[in-house]
1. Among the residues that make up region 77-90, is at least one of them assigned to a helix (DSSP H, G or I) and of a type outside the set (A, V, I, L, M, F, W, C)?
2. From GLY69, GLY36, grab the single residue that is more than 11 Å from the ligand (Cβ to nearest atom) and of a type outside the set (D, E, K, R).
3. With the checklist (1) touching a residue at least 40 places away in the same chain (Cβ under 8 Å); (2) hydrophobic (A, V, I, L, M, F, W, C); (3) touching a His at 6+ places or on another chain (Cβ under 9 Å) in hand, flag the one item ALA60 doesn't pass.
4. Of everything in region 54-66 that's away from the ligand (no atom under 11 Å from the Cβ) and buried (at least 17 other Cβ atoms within 10 Å of the Cβ), which residue is farthest from PRO25 (Cα to Cα)?
5. Filter region 91-121 down to residues that are more than 11 Å from the ligand (Cβ to nearest atom) and assigned to a strand (DSSP E or B), then give me how many there are.
6. Can you find even one residue in region 41-58 that is touching a helix residue (DSSP H, G or I) at 6+ places or on another chain (Cβ under 7 Å) and modelled with pLDDT of 95 or more?
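The values are calculated or read from the model by the stated rules, or taken from the named source; none is laboratory data. All of these numbers come straight from a predicted model, not from anything done at the bench. We place every Cβ from the backbone using ideal geometry, glycine too, and count neighbours over all the protein chains shown.
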Amino acid sequence: MSERIVVAAALVDGGRLLAARRSAPADLAGRWELPGGKVEAGESPEAALVRELHEELGVAAEPGERVPGRWPLRAPFVLHVWTARLLPGSAAPEPLEDHDALRWLAPDRIWDVPWLDQDVPAVERVIAHLGLG
Ligand code: CDP
C-alpha cells in the first residue's frame, strides 16, 4: 500500500509552540500532539495543513517550511511537520474537534505535557529547527 501523509503544524507565536490534547480515540486521549491530519487525495501538504488548522482550531494560518524528517505512524501513515504561523486577524485557537485542551508552550515548558510517543522525535526536531529552547 502506498504511503499516506499526515501533516502536523509547529504553530509558533511569540516564541511559544502550540500543543493540543487529543480527546479521541480512547487510546490517544489525554496525550498531546502537534495539530494536523491526513492529506487528502489531490491536496498539497500545505493546503491540508491550512484546512486542518481551520477545522480543528478555527484559525487562519499560513504554512512556513517543512521541518526535515518523517516519522512513521500506524501504516500506511507517515508524519510530516511544517512550521506555521497565525495570519494577522486570525481568531485565537480553540479546541473545536479532536482536542479538549490547548497550550502555548514556552521553550522551557515544552516537555511539561505527555506528547504522543510518535510526536516526541518530531517535537525534538522542531525545537532544533526553530532554535527554541
Ligand atoms: O483529522 P484526520 O482524520 O485527517 O487526522 P487525525 O485523526 O487527526 O490524524 C490521523 C492520524 O495521525 C491519527 O492516527 C493520529 O493519531 C496521527 N497523528 C499523530 O500521530 N501525530 C500528530 N501530530 C497528528 C496526527
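1. The answer is no; no qualifying residue exists.
2. Numbers: GLY36 fails: more than 11 Å from the ligand (Cβ to nearest atom).
After applying the criteria, what remains is GLY69.
3. Condition not satisfied by ALA60: (1).
4. Only one residue tops the list, namely GLY64.
5. Qualifying residue count for the region: 6.
6. No, region 41-58 has no match at all.
So that you can scan it fast, the table gives a plain yes or no per residue for (1) within 20 Å of VAL123 (Cα to Cα); (2) touching a residue at least 40 places away in the same chain (Cβ under 8 Å); (3) of a type in the set (Gly, Ala, Ser):
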site	(1), (2), (3)
ALA20	yes, yes, yes
GLU55	no, yes, no
ALA75	no, yes, yes
GLU94	no, no, no
